[in-house]
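In what follows, a single structure is set out as structure tokens and then discussed.
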Amino acid sequence: MESFLQSIERPAYRVALIASRNREDALDLVQEAMCKFVEKYASRPSEEWKPLFYRILHNGVRDLSRRRKVRSCLRWIGLGAADDRDPWEQFEDARSPDPEHQTKVNHASRALQQALSELPLRQQQAFLLRGWEELSVAETATSMGCAEGSVKTHYSRAVHALREKLGDHWP
Amino acid sequence: MNEQERKLVDAAKKLLDQSTADLDGETLTRLTRARNRALARQTERRRLFRRPVLLTGMAASLATAAAVVLLAFFGPLGQDAADQNFVADMGLLTSDESIEFFEDIEFYEWLSAVDGEEDDLSRVDGDRPFAGPAGPGLGPAGDGADRNGCRGAECGDVGISRII
């Protein structure tokens, strides 16, 4: 269990960060997902762990999105504080052996994460789970709680949308 | 998926891998802390479920709850009550008495109970000690026995025991 959590914590954090665009929220989401996963699914076969973990994480992202909508409504009627910071500036890592190269990578990475975060949540999930985490269609469907056909549709739309957003010359 | 899309996916994958590998120290520390917290919770849960007393208590509570539910729905108490109601209903439907009689049934029951008490009291009065220890000719029967056909002190005992 420990090695599984260790292997998944970084990609899970990145997925949560792209979805939430906030470092603190992303860390909270990962911690919450880990606790719930250990509590509910530790006894399940280890092959099922990854899709189940991402399912919990995505449920957390969905709940957070709902809470934010309520918060933005409150802000709109003047009951909440505004947050105008650039979300991507909160987590950019500035370490670099070659500043020029790192700047280029940072730029490409920022453009990618910006484009990913602008995708609809389902497309975002499908792309990150299928394209990045390399889950099978069936595992992705389990994670997303939908049919395998829907996964293929969301993934295809996500790839097309990213191409349009990033352009042919990216990265 | 065409070649350009495949290139895009590969490049995205590479960048995401790199961004994950380059996470800053504070984020990594907090992720490690989150992992340890989850694992500690798992250990705590295991310890909790290993306690035999707790498990026994939980099993007993579950068994009691199940027994109560079963008795409430399928048990003899519920069945008896249903049977009694059915018999009472059938008695009402098949009886020759008018419906007014059953409407006033409580009154008749009370009247019957009062009559019974009066009978018992009159029996006791007939056996009182000052009425004489049942000498010959004192009882209404005129043969040494009272109206219950009893003789002497034994009748008093019988009367009292009936009331009791």
**Report entry** Qualifying position, being closer than 13 Å to A:ALA19 by Cβ and open to solvent by less than 30 Å² (accessible area, probe 1.4 Å), among A:ALA115, A:ALA108, A:ALA126
**Finding:** A:ALA126
Report task. Pull up segment A:39-51, narrow it to residues that are surrounded by 13 or more Cβ atoms within 10 Å (Cβ to Cβ), closer than 19 Å to B:ARG37 by Cβ and not acidic (Asp, Glu), then point me to the one that is modelled with the highest pLDDT. Result -> A:TRP49
Query - Lone qualifier among A:ALA33, A:ALA12, A:ALA19 - being modelled with pLDDT under 90 and either within 9 Å of chain B (Cβ to nearest Cβ) or assigned to a helix (DSSP H, G or I) (or both) - result: A:ALA19
Requested in this report: Could you grab me the full set of residues in segment A:134-152 that are open to solvent by less than 40 Å² (accessible area, probe 1.4 Å) and either more than 17 Å from the chain's Cα centre (by Cα) or not hydrophobic (A, V, I, L, M, F, W, C) (or both)?
Outcome: A:VAL137, A:THR140, A:SER143, A:CYS146
Query raised in the report: Which residues, taken from segment B:3-24, are small (Gly, Ala, Ser) and surrounded by 15 or more Cβ atoms within 10 Å (Cβ to Cβ)?
Result: B:ALA11, B:ALA12, B:SER19
Query raised in the report: Can you pull out the residues in segment B:1-32 that are assigned to a helix (DSSP H, G or I), farther than 17 Å from A:LEU128 by Cβ and either touching an Asp or Glu at 6+ places or on another chain (Cβ under 9 Å) or facing chain A (nearest Cβ under 8 Å) (or both)?
Result: B:GLN4, B:THR27, B:LEU28, B:ARG30, B:LEU31, B:THR32
Query raised in the report: Which residues, counting only those in segment A:140-161, are assigned to a helix (DSSP H, G or I) and within 14 Å of A:LEU57 (Cβ to Cβ)?
Result: A:THR140, A:THR142, A:SER143, A:MET144
Query raised in the report: Can you find even one residue in segment A:146-168 that is touching a Leu at 6+ places or on another chain (Cβ under 6 Å), closer than 23 Å to A:LEU17 by Cβ and more than 13 Å from chain B (Cβ to nearest Cβ)?
Result: no
Report summary line: Checking A:ASP63, A:ASP86 in turn, the sole residue that is under 21 Å from the mean Cα position of the chain (by Cα) and modelled with pLDDT under 70 turns out to be A:ASP86
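The values are calculated or read from the model by the stated rules, or taken from the named source; none is laboratory data. Just so it is clear, the model here is predicted, and its values are computed rather than measured. Methodologically, a virtual Cβ is constructed for each residue, glycine included, from the backbone with ideal geometry; neighbour enumeration extends over all protein chains shown. Surface areas here come from the heavy atoms of the whole protein model, side chains and all, with no ligands, DNA or RNA. Shrake-Rupley method; radii C 1.70, N 1.55, O 1.52, S 1.80 Å.
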